[in-house]
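Heads up: the structure comes next, in structure tokens.
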Amino acid sequence: VFDTIGIDVGGTKILAGRVRPDGLIVARLQVRTERASGRGILTQIVRLVRELAAGDDDLHGVGVGLPGTIDQRRGVVVQAANLPMAEAPAREVLGRETGLHVVIENDANCAAVAEHRHGAAAGYRHSVMLTLGTGVGGGVVIDDRPFRGATGAGAELGHIVIDRNGPPCPGSCNGHGHLEAYCSGTAVTLAVEAHVAANPGGSVARSAHGDPADGHLALECAANGDPEAIALLVDAGNALGQGLVTLAHAFEPEVFVIGGGFGEAAQSWILEPARRVLRAEAMDPMSRIPVVPSQLGGDAGMIGAAELPRLG
Ligand SMILES: [Zn+2]
């Protein structure tokens, strides 16, 4: 039983960990992402791997989670939302420079694998995870293996259509009314801004005290019992539920896991509305699929990345 290294590359920081097969993190490092160039980010990853490997020959490999679309055939990042890594030949460069077996993967797929192996979906064979953050990411695990589609771009669950007449997708896509436009942190910030503009004398506007009217404000007001803020979050939860109805019918997982920074912070207000919509609108037995919060928090991407070399 060998350790592996998991790397989670984010827009602001890179998390790196040496992880045991049981998911235990035995060493961790964190650096600020040098966003100037994709080559620079790969160099940062190589440095982190060397430090965590420290001459140990027993390592089983390196998994790298990236916030973008991956082409698994070529081992390249097709495009990354907030990083200059388009067409970066990450797998080849990292494999050559570390001398280790390297697997690259979309970051939400990594989180889904982590929750499936060691978190909220442990013990199930089929699970679907949504990560609600700046955008909405997703991962599907079928028969204990991540589903990646034909080239590795699957599954972008934040871009399933909720309303064909809906607003433009806030993410890097040309669609309208996608799930990401309703229940990402960005979407809720837009909803709070619109609400405050339309209700300048309302409770949320008065609570802002000149601070930005954003998703954080909605969470803070909701925690104080503000019904306006709670209604905005419940709205996001209802949209999440609509998304789950589609995913339930497509995949019939045994469990849905809801995570991501915004998803975790808002779970008290969004999970129950999402469950209500799923129960009311999905066919049996899909209507009874449990909807649970993620368990691994900010470490999910790193732990899932570390699982990848073990999957073969
Ligand atoms: Zn979209």
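Quick check for me: using +1 on Lys/Arg Cβ and -1 on Asp/Glu Cβ, what's the dipole size of the stretch 45-168 about its Cα centre, in debye to the nearest 20?
Roughly 260 debye for the stretch 45-168.
Any idea which of Val103, Gly55, Leu29 is furthest toward the positive side of the dipole for the stretch 4-108, if Lys and Arg beta-carbons carry +1 and Asp and Glu beta-carbons -1?
Among Val103, Gly55, Leu29, the one farthest towards the positive end of the dipole of the stretch 4-108 is Leu29.
Roughly how big is the stretch 97-168's charge dipole about its Cα centre, with Cβ charges of +1 (Lys, Arg) and -1 (Asp, Glu), in debye to the nearest 20?
In debye, rounded to 20, the stretch 97-168 gives about 180.
Projected onto the charge dipole of the chain (+1 at Lys/Arg Cβ, -1 at Asp/Glu Cβ, origin at the Cα centre), which of Gly166, Leu278, Val9 gives the Cα projection farthest towards the positive end?
Val9
For Met302, Met129, Met283, which order do you get if you count the other beta carbons within 10 Å of each Cβ and list the fewest first?
Least crowded to most crowded, the residues run Met283, Met302, Met129.
Where a ≥ b ≥ c are the square roots of the eigenvalues of the C-alpha gyration tensor, would you call the stretch 239-312 rounded, which needs a/c under 1.5, or, failing that, prolate if a/b is larger than b/c, or oblate?
oblate
Rounded, prolate or oblate: pick one for the stretch 1-142, where a ≥ b ≥ c are the square roots of the eigenvalues of its C-alpha gyration tensor, a/c under 1.5 means rounded, and failing that, prolate if a/b is larger than b/c, else oblate.
It is oblate, given that a/c is not under 1.5 and a/b is not larger than b/c.
How do 132-138, 189-195, 224-230 rank on mean C-beta neighbours within 10 Å, highest first?
Packing order, densest peptide first, comes out as 132-138, 189-195, 224-230.
Count the net charge of all other residues whose Cβ sits under 10 Å from the Cβ of Val76, scoring Lys and Arg as +1 and Asp and Glu as -1.
0
Can you order the peptides 7-17, 164-174 by their average number of other Cβ atoms within 10 Å per residue, highest first?
The densest-packed peptide leads the list: 7-17, 164-174.
Which value, in debye to the nearest 20, describes the size of the charge dipole of the chain about its Cα centre when Lys and Arg Cβ atoms bear +1, Asp and Glu Cβ atoms bear -1, and nothing else is charged?
480 debye
Of Tyr182, Ile70, Phe147, which is farthest on the positive side of the dipole of the chain, counting Cα position, with +1 on Lys and Arg Cβ, -1 on Asp and Glu Cβ, and the Cα centre as origin?
Ile70
What number comes out for the charge environment of Gly158, summing +1 per Lys or Arg and -1 per Asp or Glu over other residues with Cβ under 14 Å away?
So the surrounding residues net to -3.
Work through the residues other than Leu240 whose Cβ is under 14 Å from its Cβ and net out their charges, Lys, Arg +1 and Asp, Glu -1.
Net of charged neighbours comes to -3.
Return one number: the angle in degrees, 0 to 90 and rounded to the nearest 10, between the long axis of the Cα atoms of helix 38-53 and the longest principal axis of the Cα atoms of the chain.
Its long axis makes an angle of about 60 degrees.
None of the figures in this text is laboratory data; all of them are computed from the coordinates on show. Model, not experiment: these values are computed from the prediction. Glycine gets a Cβ as well: all are built from the backbone with ideal geometry, and neighbour counts include every protein chain shown.
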